[in-house]
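One structure is given below, encoded as structure tokens.
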Amino acid sequence: MYYDPIVGVRPCADIFESIGHWRVMAISMTARKALWARSANFCAFPDCNQQLTEDIRDGESGVLHSSGVPIGEEAHIFSGSSGGPRGGEIYPEDKIDSYENLILLCPTHHRIIDKQRGVAYTADTLRKMKSEHEAAWAAKKSASDKRFEEVELRTIALIEKWSVDASLQEWEGVTWRLNSPVPRLKREYVDSLGEQARWLLGRTWPPAYPLTARAFDNYRVVLTDLVGYVQSNMDYPRSRDDVLEFPRPWNWVGFDHAQFETARAKFQSDVDMLSELSLELTKAANFACDAVREELDPLFRFDDGVLIHRLGDGIFSDVSTREEYSPEERLNTRPYCGLKVLKERVRDHGGASR
């Protein structure tokens, strides 16, 4: 991560990092779901027939393992490090964590296959093992089972695209950017938010996931209001055409005290409204994540936890809060209260509510 004086905290350019022989693994939600579904939750080693529990890679999985519950391991056919099993062979780095390079194994057979750097099991052997295992289970599935599996995978792919477009991994930086005492947003960033809202507007969510459909529609409406507010109330400062900010006319026009106070109050109200919208967007994003966990993947962002809302200048104030809808709000067709209510909240509260 690094700090950009215009847009705040931004992720580093590289998704994967290498430190010595170690690399940051990033098996996607789509690849993981495809691997487990097509393997039918069974180890791919011939004649193993060991049904597996999904590996959540945290303390709870250790408890399960110590209790004798077999934990599935998403093993790499080609290793992500040069010193690992079959790691000496040439394989594109951006494909290391892809579905095609993964095989589902029980812990026992994972150890056997990777013993002595995997010399006894070539990549071709493992590919054949995986292909035959998945084909055998596919033959047992009905046409409706296969259709449902395909719909589920495509839905998960949509959600994964959203999680990248919405920068969930950098959410604190996203909200901190919107909560700066003097918000300044790059035009291309605002454009990307608008494009994200338009993309969500055009999505079709399968009837099998009603809560997910409702949550993402709610997120879309909040995001649309945020983008609309920025576009209606922010402007380009002098000599810049790539950055938007709320007008501060007293910087270049001679004001008397009354005019100054009026302009300052308008500026602060604009800042407070953007802060409220960022808070509502955090609630909406957390609601969407909860819906995905409930209807599609209970381990979606399991290790990352909830999205955190951050505000302050990072020097004199820096506050992080957990923002979620109440159980009562979640029962509403659309939990988001709307722009009118937010404006009333800022007016009645005398500023942002956080």
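Coordinate-derived values only; no laboratory data. What you see is a predicted model, and the numbers here were worked out from it, not measured in a lab. A quick note on method: Cβ atoms are made from the backbone with ideal geometry, for glycine too, and the neighbour counts reach across all protein chains shown.
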Original post:
Which of the following values of Cα extents along the principal axes in Å was calculated from the structure shown: (i) 84, 45, 36; (ii) 52, 50, 39; (iii) 90, 53, 42?
Top reply: (i)
Subject >> Pairwise FRET efficiency - residue 149 versus residue 340, Cβ, R0 = 35 Å, nearest 0.05 >> reply: 0.20
Original post:
By a straight-distance test (C-alpha under 27 Å), which lysines pair with residue 186 as possible cross-link partners, with residues fewer than eight away in the same chain excluded?
Top reply: 161, 266, 283, 340, 343
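By per-residue mean of other Cβ atoms within 10 Å, what is the highest-first order of 191-197, 176-182?
Numbers: 191-197: 16.4, 176-182: 19.4.
By packing density, highest mean first, the sequence is 176-182, 191-197.
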**OP:** Output ³J(HN,Hα) for segment 136-147: one whole-Hz value per residue in order, computed from phi by the Karplus curve 6.51 cos²θ - 1.76 cosθ + 1.60 with θ = phi - 60°, and x for Gly and Pro.
**Re:** 5, 6, 4, 5, 8, 8, 6, 4, 5, 4, 5, 5
Original post:
Which of 315, 291, 257 sits closest to the plus end of the dipole of segment 245-315, meaning its Cα is farthest towards the positive end, when Lys and Arg get +1 and Asp and Glu get -1 on the C-beta?
Top reply: 257
Original post:
³J(HN,Hα) across segment 121-134 via Karplus (A = 6.51, B = -1.76, C = 1.60, θ = phi - 60°), whole Hz, x for Gly/Pro?
Top reply: 10, 6, 4, 5, 5, 5, 4, 5, 4, 5, 4, 5, 5, 5
Subject >> Helix axis angle, 257-295 relative to the chain longest principal axis, alpha carbon, degrees >> reply: 20
**OP:** Determine the shape class of segment 277-354: with a ≥ b ≥ c the square roots of the Cα gyration tensor eigenvalues, call it rounded for a/c under 1.5, and otherwise prolate if a/b is greater than b/c, oblate otherwise.
**Re:** oblate
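With the contact rule set at Cα under 8 Å and sequence spacing of 6 or more, what percent relative contact order holds for the chain? Before the final figure, lay out each step's value.
Working: 442 pairs, mean separation 55.9, N = 354.
Relative contact order of the chain: 16 percent.
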Subject >> Simple label model, 7 Å out from Cα along Cβ direction - residue 250 to residue 195, nm >> reply: 3.8
Original post:
Using a basic spin-label model with each label point 7 Å from the Cα along Cα→Cβ, how many nm lie between residue 128 and residue 259?
Top reply: 8.5
